[in-house]
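Each remark here refers to the structure printed beneath this line.
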Amino acid sequence: MNRCWAKFVFSRIGIKLAETHNKGFRWQHEAVIALANTDKLGQELTLEDAQEWYRGRDVYPQQSPAHDDVIVTFQGFPLGLAKRINSD
């Protein structure tokens, strides 16, 4: 068994949760997708909005997000992080 493990090289074990920057920290997309609890910060998208999201376009859901930073979801599955744009 020890001979088998000697053939594997692990360069990175685990996932990066966040990076620091000048105003605090920024969540990593991979961590959000893997560990997200969308009950509080989830923003459900329609099929059309989810398609636009994956195309990299801005999405304007019919129901405005309750928080400034949200986890956008489609059919309950997290897609990524989004920031609300204030359009007063």
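Observations, loosely collected:
- Within segment 32-79, restricting attention to residues that are small (Gly, Ala, Ser) and surrounded by 16 or more Cβ atoms within 10 Å (Cβ to Cβ), the residue that is farthest from Ala18 (Cα to Cα) is Ala50.
- Count of residues meeting criterion [of a type outside the set (A, V, I, L, M, F, W, C) and at pLDDT 85 or above] in segment 1-36: 11
- Of the strands (runs of 3 or more DSSP E) that lie entirely inside the chain, those containing 2 or more residues that are free of Cβ contacts under 8 Å to residues at least 24 places away in the same chain span 18-21, 24-27, 77-83.
The values are calculated or read from the model by the stated rules, or taken from the named source; none is laboratory data. The structure presented is a predicted model; accordingly, all values stated were derived computationally and were not measured. Heads up, the Cβs are rebuilt from the backbone with ideal geometry, glycines too, and the neighbour counts pull from every protein chain shown.
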